[in-house]
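Undergrad: The structure's right below; bear with me while I get my questions together.
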Amino acid sequence: MNTTHTTATTLGMRQTQLFTKTRKQAPSDEISKNAQYLIRAGYLHKEMAGVYSYLPLGLRVLDKITTIIREEMNSIGGQEIRLSTLQDQGPWSASGRWSSADVDVWFKTELQNGTELGLGWTHEEPVTNLMRDHISSYRDLPQYVYQIQTKFRNEVRAKSGIMRTREFLMKDLYSFSRDQEGLDAFYDEAALAYMRVFTRLNLGDVTYKTFASGGAFSKYSHEFQTLSDAGEDIIYVSKEKGIAINKEVYTDEVLKDLGITRDSLVEEKAIEVGNIFKLGTRFSESIGLTFKDEDGKDQFPIMGCYGIGPNRLMGTVAELHSDEKGLVWPKSIAPFKAHIVRIGEVEEVVAHADALYETLTEQGIETLYDDRDVRAGEKFADSDLLGIPVRIVVSQNTLTEGQLEVVVRATGEKKMQTENELIEELSE
C-alpha cells in the first residue's frame, strides 16, 4: 500500500491530511491565554462570544478528559445516562426554578403550538422526575446516575475563553440515598474521585477541596479550585491541611470549624473546576419523589449533586500547562503521544519517517506525523504550539547517526535514541 495516501486512524494522522491548520494570530477580541493558544493551534474555532466549536485535535483532548471523568464516576458506582436538553416546564415550576425572574440563565424556546420549553442549564428537576418511575422502595436505593451532556446558560458576559461559555459540556452526577448517613458516605467518595480526576490531568498538586456556602441544604458545599492567575475566584489556602476556604465564607466561624488560623492561610486566585452539593430533600419533596421505608412509611430520598465541566478543565490545563511557545499537554490527555517532524524531502529521509510513522501506529502509539513540505523552523514552531509531549526529529543528520532526535516538550530535554528505545519509552 502506498503510505502517502494512508487514511487517518484514531492512532495516527499525517499533517497534510489534518483538517485544521495553525495560525500566527488569535482573534483580536480573544484575551484569555487558553483560547488564544487553542485557536492558534487549531484545536478550536470561535463561533461567537462564549461559543466554540471543537476541531479534530480539540475533540481528541476533550474526549480523553471525558474518558477520565467517566472512569472515575464508574469507579464509585455511577451509571451513565443521557437526559434530554429540551426541558418541560412542569418539574421546574414545581421546584420554583422555571421563571426567568428567579433563574436568569435560561435559554427558552417554543414549539409550533406555542408550548414554552427550556434548554437545560442543570438537571436536578428532570432527573428527580425520572426517578419517580424507578424508585418506590428502600430496596431501590441508593441510586447514582450521571451524564456528560451539553448545557446552555444565558450568561450576561461570557469570558475567560472556554472556561465560561454559553454552551458547554457538564458531567453532572445525582445521588439518591435513604438517609443522611448514606449521602455523607457517598459525598466523601465523590470528593476523592474528583481529586483523582484532577491528579490524572496533572492538576492535583494545585487543586484544593474548598469550603463554600452550602445554601439552604447544608452548612457547606465544596468546590474544587485550581490555583491560577487566570482564576475568577479568591480562596484562602491551608497548605498544611490541603484545603481552602472560598472568600464568600471566609469568616471566624468557619475558621473555628476547620481549626485554622488566619495567619496560616495564603490568599490565592483560582479557577473553580468542580463542585459538590448536599441537596437534602428539596427536589424530592417539590417533585413528589418518595419511597416506602422498612415500616411502610413514605420518605423522601436525600439527594446530592456533583458537577465537573470538561471544557473548563481543558481550558484550565491550557492555562497552567503552556509556555511562551504554546501548549504543553500532559500525556494523559494530549491529542497524540508523539509528533514526528520530518526535516527535508530527501528520499531516504522521507522513507525513514514514513516507516517510523507506520511502526509507531502499529505499536498502538498515537502519532501525529508532520509530512508537510515546509521550512524546518515553521515545523518546529508549530510543534511547540501544538504541545504534543514528545517530538521525534527525522532528518539527514539523524540518518547519518543512526538514531532519532527526541525532544520532551515539557522540559525541552533533547536526547538521541534508537527506534527500539523510543518505542519502549512511548509504550510505558
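Yes or no, residue by residue, for (1) free of Cβ contacts under 8 Å to residues at least 24 places away in the same chain; (2) aliphatic (A, V, I, L, M); (3) outside the structural domain of residue 92 (by TED's automatic domain parsing); (4) more than 26 Å from residue 76 (Cβ to Cβ):
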{"position": "201", "(1), (2), (3), (4)": "no, yes, no, no"}
{"position": "243", "(1), (2), (3), (4)": "no, yes, no, no"}
{"position": "259", "(1), (2), (3), (4)": "yes, no, no, yes"}
{"position": "264", "(1), (2), (3), (4)": "no, no, no, yes"}
{"position": "286", "(1), (2), (3), (4)": "no, no, no, yes"}
{"position": "304", "(1), (2), (3), (4)": "no, no, no, no"}
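Undergrad: With the checklist (1) touching a strand residue (DSSP E or B) at 6+ places or on another chain (Cβ under 9 Å); (2) within 28 Å of residue 161 (Cβ to Cβ); (3) of a type in the set (Val, Ile, Thr) in hand, flag the one item residue 302 doesn't pass.
TA: Status for residue 302: all satisfied but (2).
Undergrad: Given the condition of a type outside the set (S, T, N, Q), within 16 Å of the chain's Cα centre (by Cα) and within 23 Å of residue 243 (Cα to Cα), answer yes or no: does some residue in segment 175-188 qualify? Don't jump to the end; show me each part of the working.
TA: In the first step, residues of segment 175-188 are kept if they are of a type outside the set (S, T, N, Q); the result is 176, 178-179, 181-188.
Cutting the leftovers down to within 16 Å of the chain's Cα centre (by Cα) gives us none.
Looking for residues that are of a type outside the set (S, T, N, Q), within 16 Å of the chain's Cα centre (by Cα) and within 23 Å of residue 243 (Cα to Cα), one finds none in segment 175-188, hence no.
Undergrad: Let me ask something else about it. When you scan segment 140-174, how many residues do you find that are outside any strand (DSSP E or B) and either under 30 Å from residue 43 (Cβ atoms) or under 14 Å from the mean Cα position of the chain (by Cα) (or both)? Please lay out each step first, then the result.
TA: Initially, segment 140-174 is screened for residues outside any strand (DSSP E or B), giving 140-142, 153-158, 160-163, 165-166.
Pick out the ones that are also either under 30 Å from residue 43 (Cβ atoms) or under 14 Å from the mean Cα position of the chain (by Cα) (or both) and you get 153-158, 160-163, 165-166.
Residues flagged as outside any strand (DSSP E or B) and either under 30 Å from residue 43 (Cβ atoms) or under 14 Å from the mean Cα position of the chain (by Cα) (or both) within segment 140-174 amount to 12.
Undergrad: Something else now. Would you say residue 224 is part of a strand (DSSP E or B), of a type in the set (A, V, I, L, M, F, W, C) and over 30 Å from residue 327 (Cα atoms)? Reasoning before the result, please.
TA: Details: part of a strand (DSSP E or B): yes; of a type in the set (A, V, I, L, M, F, W, C): yes; over 30 Å from residue 327 (Cα atoms): no.
So residue 224 fails the test.
Undergrad: Moving to a separate point now. Is one or more of the residues making up segment 336-346 within 28 Å of residue 209 (Cα to Cα) and of a type in the set (Val, Ile, Thr)?
TA: no
Undergrad: Report yes if residue 197 is buried (at least 19 other Cβ atoms within 10 Å of the Cβ), over 24 Å from the mean Cα position of the chain (by Cα) and in the same structural domain as residue 148 (by TED's automatic domain parsing), otherwise no. It would help to see each step written out before you state the result.
TA: Values: buried (at least 19 other Cβ atoms within 10 Å of the Cβ): yes; over 24 Å from the mean Cα position of the chain (by Cα): no; in the same structural domain as residue 148 (by TED's automatic domain parsing): yes.
Considered against the rule, which asks whether it is buried (at least 19 other Cβ atoms within 10 Å of the Cβ), over 24 Å from the mean Cα position of the chain (by Cα) and in the same structural domain as residue 148 (by TED's automatic domain parsing), residue 197 comes out as no.
Undergrad: Give segment 72-118 a look and list any residue that's within 17 Å of residue 149 (Cβ to Cβ) and either aliphatic (A, V, I, L, M) or not assigned by TED's automatic domain parsing to the domain that holds residue 196 (or both), or say none.
TA: 73, 81, 83, 86, 105, 117
Undergrad: Confirm whether residue 340 is crowded, with 21+ Cβ neighbours inside 10 Å, β-branched (Val, Ile, Thr) and more than 16 Å from the chain's Cα centre (by Cα).
TA: yes
Undergrad: How many residues are surrounded by fewer than 13 Cβ atoms within 10 Å (Cβ to Cβ) and without any contact (Cβ under 8 Å) to a residue 60 or more places away in the chain when one looks only at segment 48-83?
TA: Residues meeting the conditions: 2.
Undergrad: Kindly evaluate residue 32 against the criterion of being of a type in the set (Ser, Thr, Tyr) and at pLDDT 95 or above.
TA: no
Undergrad: Still on this structure: If you go through segment 174-186 one residue at a time, do you hit one that is under 15 Å from residue 121 (Cα atoms) and either among the polar types (S, T, N, Q) or in contact (Cβ under 8 Å) with a residue 40 or more places away in the chain (or both)?
TA: yes
Undergrad: A further question on this structure: For segment 203-224, which positions are without any contact (Cβ under 8 Å) to a residue 40 or more places away in the chain and not aromatic (Phe, Trp, Tyr)?
TA: Listed by number, the residues that qualify are 204, 205, 209, 213, 219.
Undergrad: If you don't mind, there's one more thing I want to ask. If residue 214 meets every condition in (1) at pLDDT 95 or above; (2) surrounded by 15 or more Cβ atoms within 10 Å (Cβ to Cβ) apart from one, which number is that one?
TA: The number of the failed condition is (1).
Undergrad: Would you tally the residues in segment 231-264 being within 30 Å of residue 162 (Cα to Cα) and assigned to a loop (DSSP other than H, G, I, E, B)?
TA: Residues that pass the stated criteria total 5.
Undergrad: Now for a separate question. Which pairs do you get when a residue that is assigned by TED's automatic domain parsing to the domain that holds residue 395 and touching a residue at least 24 places away in the same chain (Cβ under 8 Å), found in segment 406-419, comes within reach of a residue that is assigned to a strand (DSSP E or B) and not charged (D, E, K, R), reach meaning Cβ atoms under 8 angstrom, with the pair 6+ apart or on two chains?
TA: 409/390; 419/404
Undergrad: For residue 105, work out the one condition from (1) in a loop (DSSP other than H, G, I, E, B); (2) free of Cβ contacts under 8 Å to residues at least 12 places away in the same chain it doesn't fulfil.
TA: (2)
The values are calculated or read from the model by the stated rules, or taken from the named source; none is laboratory data. Everything numeric in this text was worked out from a predicted model, so none of it was measured. Counting neighbours? That spans all protein chains shown, and the Cβs are built from the backbone with ideal geometry, glycine included.
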